[in-house]
Amino acid sequence: MKTLNPLKVPFGKGKFSRLRNVRFLQWEDAFEVDFDDGLSFLEPHKTIRKSNKIAAGASVQSVEMEDELHSGFFVHYDNGQTAEVSWAFIRELPPKTAKKL
């Protein structure tokens with residue numbers, strides 16, 4: 001099931017807002033990301049795995065928010081890999097692929 005989120009905007013047009021909280025919901029296999037401006041997003045784990053090239057068999061060990069600016073978070077896996085996720089990855093839409101001639 002594909003969910004379209006009308007609150008996401010194209011890349012380069014999102015407004016920065018600090019992360020307030022992030023947590024991994026194992027039963028949803030997704031991350032719940034809350035922002036200071038009140039918006040919350042449920043980001044599927046598979047998109048974070050794919051974008052960071054995380055092994056399919058790896059399981060989430062811990063989630064750590066970036067300390068200084070709260071502009072992203074890190075996902076640490078049991079196999080030693082780490083995924084880095086920025087605020088823009090959550091709030092903005094990916095660019096559309098260019099059509100080949």
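Derivation of every value follows stated rules applied to the coordinates shown; laboratory data play no part. Values in this document were obtained by computation on a predicted structure and should not be read as measured data. In this analysis, Cβ positions are derived from the backbone assuming ideal geometry, glycine residues included, and neighbour counts consider all displayed protein chains.
Out of all the residues in the range 65-83, is one or more surrounded by 15 or more Cβ atoms within 10 Å (Cβ to Cβ), free of Cβ contacts under 8 Å to residues at least 40 places away in the same chain and in contact with a helix residue (DSSP H, G or I) (Cβ under 7 Å, 6 or more places away or on another chain)?
For the range 65-83, residues surrounded by 15 or more Cβ atoms within 10 Å (Cβ to Cβ), free of Cβ contacts under 8 Å to residues at least 40 places away in the same chain and in contact with a helix residue (DSSP H, G or I) (Cβ under 7 Å, 6 or more places away or on another chain): present.
Among the residues of the range 6-45, how many are part of a strand (DSSP E or B) and in contact (Cβ under 8 Å) with a residue 12 or more places away in the chain? Break it down stepwise before answering.
Looking only at the range 6-45, we keep the residues that are part of a strand (DSSP E or B), and these are 9-10, 19-25, 30-35, 40-44.
Cutting the leftovers down to in contact (Cβ under 8 Å) with a residue 12 or more places away in the chain gives us 9-10, 19-25, 30-31, 33-35, 41-44.
Of the residues in that region, 18 qualify.
Suppose we filter 54, 48, 90 for residues that are among the hydrophobic types (A, V, I, L, M, F, W, C) and assigned to a loop (DSSP other than H, G, I, E, B); which single one remains?
Exactly one residue qualifies, and that residue is 54.
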